[in-house]
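Only one structure is covered here, and it is reproduced in the block below.
The values are calculated or read from the model by the stated rules, or taken from the named source; none is laboratory data. Bear in mind that the values here come from a model prediction, so they are computed numbers and not experimental data. Here the Cβ positions follow ideal geometry from the backbone for every residue, glycine too, while neighbour counts run over all protein chains shown. All accessible areas refer to the heavy atoms of the entire protein, side chains included, with ligands and DNA or RNA removed. Shrake-Rupley method; radii C 1.70, N 1.55, O 1.52, S 1.80 Å.
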Amino acid sequence: MAGLEDLYREIILDHYRSPRNRGELPTPPAVRVEGFNPLCGDEIVLYLDVENGSVRDVKISGQGCSISQSSASMMTAAIKGKDIAEVRGLIRSFKSMMTIHEAQLEPDGARDEPAALVDPDSFGELAALQGVVKFPVRIKCATLSWNTLVQALDELETKAMNSDS
Amino acid sequence: MATVASPAFDVETIKSDFPLLDRVQAGRKIVFLDSAASSQRPRSVLNAMDDYYQTTHANVHRGVYAIAEEATRRYEEARLLAGRLINAPDPAREIIFTKNVTEAYNLVAYSWGRKNLHDGDVIVLTETEHHANLVPWLMLQEERKITIRYIAMDDDYRLDLSDIEAVVDGAKLVSVTAASNVLGTITDLEPITRAAHRAGALVMADGAQLVPHRRVDVQALDVDLLGYTGHKLMGPTGIGVLWARAEILEEMPPFLGGGEMISDVRLDGFSTTDIPWKFEAGTPPIAEAVGLGAAITYLESIGIDNIAAHEQSLTNYAIRSLQERFDEIEIFGPGADAERRGGVISFRFGDIHPHDVAQVLDEHAVCVRAGHHCAKPLMRRLGVNATTRASLYLYNDEHDIDALVAGLEGVRKMFS
């Protein structure tokens with residue numbers, strides 16, 4: 001059985017106690033997207049302001065557990081100032097970190113997909129969330145803000161396409 | 001109200017009847033405080049189901065050979081036990097086995113609702129309901145212009161019945177929880193049934209959280225329909241009970257169609273068989289019925305009044321212990337010593353999220369529920385997304401409560 005120290009790493013508790021980028025942004029220019037975790041009723045609201053293809057500002061409001069709140073806080077710190085392609089790449093890496101471990105937990109070993117997609121060094125603080133995969137029910141908590149971010153990026157892309165045409 | 005359990009009621013002996021409670025997790029014995037979600041079951045239930053499969057299994061109401069007749073007899077005996085538990089006037093005809101209470105509600109909304117509710121009709125629910133007594137009616141509302149009125153919750157976590165006459169006026173059905181799965185509040189049904197019947201409405205009560213814990217007499221309560229479920233009553237999953245007065249069931253069209261529920265089928269039509277089988281299409285959960293029967297027999301051997309008295313004194317001990325020890329706790333429900341209060345204790349623990357509370361408690365081998373408890377409208381009314389919920393049953397004792405308190409000390413330490 002996985003120990004609690006795998007889940008509640010000090011850096012996670014730090015982001016939980018002092019979350020970064022809490023608050024709201026004016027819409028427009030920012031987009032506002034809500035994310036729900038039906039399991040626990042958590043709701044987060046993401047404000048994303050993208051200018052010239054990079055994240056100018058991002059804020060999070062709403063409520064959640066320590067895992068969802070710290071994941072959201074770390075995510076905002078990681079994507080601020082990054083261009084969209086980099087952000088998309090980070091989302092892919094983060095999600096594969098959450099799923100690769102799930103595959104490794106399966107009794108018959110790894111799946112066919114290579115497990116080496118993630119470079120933990122590029123992850124910085126986010127690597128602390130790796131322990132969450134040992135607590136499968138909590139994976140949804142960790143990925144809530146990331147899924148909401150995907151929604152926001154998709155919405156921005158749709159908007160851009162519509163204004164181009 | 002001080003009640004003393006009978007000397008025959010010994011929690012240690014009762015605990016030893018439940019194999020799962022022997023489980024050791026990280027060096028500690030399991031402390032199971034989630035019986036409102038699903039209870040554990042005693043060895044006698046497991047043995048009854050095992051014995052049924054090993055010696056008796058055959059499909060019911062079909063074969064003419066000995067074991068098929070015996071299986072039918074055991075299935076129908078369970079029906080009588082399920083009916084006698086709630087003092088149903090005619091158990092052999094009025095007890096319908098369903099999958100769970102959720103299916104019982106869907107059956108009533110689909111069958112009774114589609115026959116009796118038309119555009120402009122009114123039903124009454126409460127804002128404290130489980131989703132099982134909300135969503136089937138909301139689904140019906142998507143098809144038909146029915147009006148749903150809601151009885152509100154007051155600041156003492158009880159239904160506000162101050163204008164009940166006006167709320168039920170013109171309604172065809174009033175469907176309320178008999179005991180809240182979040183608040184622990186036991187509903188005072190008497191003023192509701194009186195007003196509803198005067199208005200010509202039927203009353204359905206959700207007995208999921210009451211029947212396993214208190215004496216329930218549908219005739220004394222004067223309700224018209226009631227649902228309860230096996231797995232919260234020490235029985236297996238996959239079997240629930242819908243009781244309704246025979247004349248109501250006779251007027252209702254069938255729910256699921258198939259074998260068992262017909263008297264004749266032609267290529268251009270069918271006719272249904274008698275109640276209760278009219279509502280039991282397909283091969284029913286036979287072993288589960290046998291298990292439910294064994295659970296009811298076990299419950300009656302302990303005595304429902306003894307269980308109620310034990311739970312009441314343990315609930316008071318739990319509420320006092322939590323409130324004395326933790327300033328940051330807020331319990332959403334009637335306080336210690338309150339009348340009509342069951343052993344479901346939902347709370348907020350400072351600003352620590354219920355998932356985090358439950359996760360750390362698990363490290364102490366204490367099993368509680370964290371979440372919205374399938375009552376999202378009630379969560380909104382309480383102003384929270386989720387609560388932590390400890391719920392008690394006959395096999396819990398003061399040591400379990402002390403373990404909960406010790407676990408919460410650990411939660412406080414981790415997140416302060």
Completion exercise
Those trypsin sites (Lys or Arg not before Pro) from region B:105-156 that are DSSP loop and have at most 15 other Cβ neighbours within 10 Å turn out to be B:Arg144, B:Lys145
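What size of dipole, in debye to the nearest 20, comes out for chain B about its Cα centre when the only charges are +1 on Lys and Arg C-beta atoms and -1 on Asp and Glu C-beta atoms? Don't skip to the end; give the middle numbers.
Working: 40 positive and 60 negative charges, 120 e Å.
The calculation lands at about 580 debye.
Can you list which of the chymotrypsin sites (Phe, Trp or Tyr not before Pro) found in region A:1-100 are DSSP loop residues with at most 14 other C-beta atoms within 10 Å?
Numbers: sites: A:Tyr8, A:Tyr16, A:Phe36, A:Tyr47, A:Phe94; in loops: A:Tyr8.
When the chymotrypsin sites (Phe, Trp or Tyr not before Pro) of region A:1-100 are filtered for loop state and at most 14 Cβ neighbours within 10 Å, nothing remains.
From largest accessible area down, sort B:Trp137, B:Trp112; use a 1.4 Å probe on the protein chains. Walk me through the intermediate numbers first.
Working: B:Trp137 0, B:Trp112 20 Å².
Output order, biggest surface exposure first: B:Trp112, B:Trp137.
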Handout entry: the protein assembly as shown, helix-only ellipticity at 222 nm - DSSP H runs n ≥ 4, -39,500 (n - 2.57), divided by all residues, nearest 500
Key = -12000 deg cm²/dmol
Exercise for the section: Provide the solvent-accessible area of A:Met161, counting protein heavy atoms only and rolling a 1.4 Å probe, rounded to the nearest 10 Å². Expected result: 130 Å²
Exercise for the section: Report, ordered by chain and residue number, the lysines lying within cross-link reach of A:Lys82, taken as a straight Cα distance under 23 Å and ignoring same-chain residues fewer than 8 apart. Expected result: A:Lys59, A:Lys95, A:Lys159
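Which loop-located trypsin sites (Lys or Arg not before Pro) does region B:247-345 contain, where loop means any DSSP state but H, G, I, E or B and the Cβ has at most 16 other Cβ atoms within 10 Å? Working shown, then result.
Numbers: sites: B:Arg266, B:Lys278, B:Arg320, B:Arg325, B:Arg340, B:Arg341; in loops: B:Arg340.
Filter output for region B:247-345: B:Arg340.
Cα convex hull of the protein assembly as shown: how many Å³ per residue?
So the per-residue Cα hull volume is 213 Å³.
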Exercise for the section: Give the dimensionless ratio obtained when the Cα radius of gyration of region B:287-416 is divided by 2.2 N^0.38 Å. Expected result: 1.14
Problem - Whole-percent carbon and sulfur share, accessible surface of the protein assembly as shown, 1.4 Å - result: 51 percent
Problem - Considering only region B:46-300, percent of DSSP beta bridges that pair antiparallel, nearest 5 - result: 50 percent
Exercise for the section: Might you report the magnitude of the Cβ-based charge dipole of region B:80-229 about its Cα centre, with Lys and Arg at +1 and Asp and Glu at -1, to the nearest 20 debye? Expected result: 600 debye
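Determine the relative contact order of chain B: mean sequence separation of Cα pairs under 8 Å and six or more apart, normalised by residue count, in whole percent.
Working: 820 pairs, mean separation 92.9, N = 416.
Answer for chain B is 22 percent.
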Exercise for the section: Please give the residues from region B:332-379 for which the solvent-accessible area of heavy atoms, probe 1.4 Å, is smaller by at least 20 Å² with all protein chains in place than with the chain isolated. Expected result: B:His353, B:His355, B:Asp356, B:Gln359, B:Glu363, B:His372, B:Lys376
Fill in the blank from the handout: Checked against the positive end of the charge dipole of the protein assembly as shown (+1 on Cβ of Lys and Arg, -1 on Cβ of Asp and Glu, about the Cα centre), the farthest of B:Ile262, B:Leu408, B:Ala201 is B:Leu408
Completion exercise
region B:232-302 and region B:76-141 have their Cα centres apart by a whole-number Å value of 12 Å
Fill in the blank from the handout: Per DSSP loop assignment and a cutoff of at most 14 other beta carbons within 10 Å, chain B keeps its longest run without exposed GluC sites (Glu not before Pro) at B:1-327
Fill in the blank from the handout: In whole angstrom, the spacing between the Cα centers of region A:21-79 and region B:155-173 equals 41 Å
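Which of the helices in chain B meet the span-like rule: DSSP H, Cα axial reach of 30 Å or more, Kyte-Doolittle mean at least 0.5?
Values: long enough: B:304-325 (31 Å, -0.63).
Taking the DSSP H segments of chain B (at least 30 Å long, mean hydropathy at least 0.5), we get none.
Let me spell out the model: positive unit charges on the Cβ of Lys and Arg, negative unit charges on the Cβ of Asp and Glu, origin at the Cα centre of region B:232-375. What dipole size does that give, in debye rounded to 20?
80 debye
Buried accessible area between B and A (1.4 Å probe, both chains summed, ligands and nucleic acids excluded), in Å² to the nearest 100? All intermediate terms of the calculation are to be shown ahead of the outcome.
Working: alone 17340 and 8910 Å², together 24570 Å².
Protein heavy atoms only, the B-A interface buries about 1700 Å².
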Practice task
Could you name the aspartates and glutamates whose alpha carbon sits less than 14 Å from that of B:Lys172, not counting residues in the same chain fewer than 8 places away?
Solution key: B:Asp119, B:Asp121, B:Asp224
Problem - Over chain B - Rg/Rh using Cα atoms and the Kirkwood inverse-distance radius - result: 0.98
Fill in the blank from the handout: Averaged over the residues of A:65-74, the number of partner chain Cβ atoms within 10 Å of each residue's own Cβ comes to 3
Handout entry: Nearby lysines by direct alpha-carbon distance to B:Lys376 (threshold 22 angstrom, same-chain neighbours under 8 apart not counted)
Key = A:Lys140, B:Lys232
